[in-house]
1. If you take the residues of the stretch 66-99 that are farther than 21 Å from Val132 by Cα, open to solvent by 30 Å² or more (accessible area, probe 1.4 Å) and touching a Leu at 6+ places or on another chain (Cβ under 9 Å), which of them is modelled with the highest pLDDT?
2. With the checklist (1) at pLDDT 50 or above; (2) closer than 20 Å to Lys84 by Cα in hand, flag the one item Arg156 doesn't pass.
3. Considering Val16, Val40, which residue is within 19 Å of Leu186 (Cα to Cα) and either in a strand (DSSP E or B) or touching a strand residue (DSSP E or B) at 6+ places or on another chain (Cβ under 9 Å) (or both)?
4. Name every residue in the stretch 205-216 that is closer than 18 Å to Val39 by Cα, of a type outside the set (Lys, Arg) and open to solvent by 70 Å² or more (accessible area, probe 1.4 Å), in order of residue number.
5. Could you grab the pairs with beta carbons closer than 7 Å, sequence gap of 6+ or different chains, first residue in the stretch 57-73 and among the polar types (S, T, N, Q), second one modelled with pLDDT of 80 or more and open to solvent by less than 10 Å² (accessible area, probe 1.4 Å)?
6. Might you check whether a residue that is open to solvent by less than 20 Å² (accessible area, probe 1.4 Å), closer than 22 Å to Tyr13 by Cα, in a helix (DSSP H, G or I) and in contact with a strand residue (DSSP E or B) (Cβ under 7 Å, 6 or more places away or on another chain) occurs anywhere in the stretch 164-174?
7. Looking only at the stretch 185-194, count how many residues are open to solvent by less than 30 Å² (accessible area, probe 1.4 Å) and either assigned to a loop (DSSP other than H, G, I, E, B) or of a type outside the set (A, V, I, L, M, F, W, C) (or both).
8. Write out, first by first residue and then by second, each pair whose Cβ atoms fall under 9 Å of each other, whose residues are 6+ apart or on separate chains, and whose first residue, in the stretch 198-217, is under 24 Å from Thr15 (Cα atoms) while the second is part of a loop (DSSP other than H, G, I, E, B) and open to solvent by 50 Å² or more (accessible area, probe 1.4 Å).
Amino acid sequence: NENAMTIIANPVYDTVFKFLMEDNRVAKILLSALLQKEVVEVHVRQHEYAKKVKREISVLRIDFSAKVRNKDETENLVLIELQKTWLETETLRFRQYLGAHYLDERNAPPRKENPKGYGLPIVTIYLLDHRVGDLEEPMVYVRRRYLDYDSNALSRGVPDPFVESLTHDAIIVQIPLLKGRPRNHLERLLEVFDQSRRLEENAHFLQIDETRPRSREEQLVIDRLVKAAASQELLTDMRIEDEFLSVLENRDTELMVSKTELKKSKEENKKKDQIIEQKNQQIEQKDKELSEKNLLLVSMLCEQGRSNEEIAILLHLTEEEVDKLLGTEK
């Protein structure tokens, strides 16, 4: 059948993503592809799941400790901080998670193996269900380089454990840009995140083309998500996520509307203040003009030999006002 489709659970949902990464084989497959190194062993750091919700953000964080094999066949331990979000993110929240890692003494090898107390190297992976600025690649690798003053690459003493424990690499995956771009092994694995494959009637599921040839690793990832799609418990959790997101969006919409109304009100008040200011200026101008006219009339009457009392009666002024005008004239 040319149109044969496999239905899988949508891993952009936190509950499905967590289920996916709890499978050790799948975690090794995905992390190896993302790191571009073979992950020999991987462990989810227990009780390290963190789902934080603050105003306009929801982030699922899963922390792994992994043994990776390098190109020169050496092996080393790394911490992997994997964060997934489905809303536009505050980078500060990500930085706070990272800061917590650097402060955690558990993120260093035992003193016996590590007398200088170096921390394990950290790699952060961000799976974002939105784009980052104008970056057009679905996968963005931010890697450190050891350079001298003249920007020449250093070769001796690299990598250094002191530097590795204080700085980190980052991998950013922009899920919206995965659409129709399975150009390499990693993109073929991440095809299961492509939101253009969502079922129209139900965003909890994606449809994957059964007819496309796949590696054993790709099939293992798909099989795990097929299993998730059949789980009643996960489907219930996805509905709860929908309700939660709906409440969050409604609240943010209300907040946005009230901010817009407040801004509009402030602008209207500003306009009113400007009108009042203009009117005050006009009144001041008229008062000035009236004062000048009164001064002219007082001067004329004074020249005619009229007393201050008479001038006040004729011009409907008080004697004090006449005195003041005459004082101005002097």
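The values are calculated or read from the model by the stated rules, or taken from the named source; none is laboratory data. Source: prediction; values computed, not measured. Using ideal geometry, Cβ is built from the backbone for each residue, glycine included, and neighbour counts are taken over all protein chains shown. Only protein heavy atoms, including side chains, enter the accessible area calculation; ligands, DNA and RNA are left aside. Shrake-Rupley method; radii C 1.70, N 1.55, O 1.52, S 1.80 Å.
1. The residue in question is Lys67.
2. (2)
3. Numbers: Val16 fails: within 19 Å of Leu186 (Cα to Cα).
Testing whether each residue is within 19 Å of Leu186 (Cα to Cα) and either in a strand (DSSP E or B) or touching a strand residue (DSSP E or B) at 6+ places or on another chain (Cβ under 9 Å) (or both) leaves just Val40.
4. Narrowing the stretch 205-216 to residues closer than 18 Å to Val39 by Cα: 215-216.
Okay, now just the ones that are also of a type outside the set (Lys, Arg), so 215.
Within the stretch 205-216, no residue meets the criteria.
5. Final answer for the pair search is Ser65/Leu79.
6. Taking the stretch 164-174 and keeping what is open to solvent by less than 20 Å² (accessible area, probe 1.4 Å), we get 165, 170-171, 173-174.
Add one more test, that the residue is closer than 22 Å to Tyr13 by Cα, and what stays is 171, 173-174.
Add one more test, that the residue is in a helix (DSSP H, G or I), and what stays is none.
No, every residue in the stretch 164-174 fails to be open to solvent by less than 20 Å² (accessible area, probe 1.4 Å), closer than 22 Å to Tyr13 by Cα, in a helix (DSSP H, G or I) and in contact with a strand residue (DSSP E or B) (Cβ under 7 Å, 6 or more places away or on another chain).
7. Looking only at that region, the number is 3.
8. Qualifying pairs under 9 Å: Asp209/Asn3.
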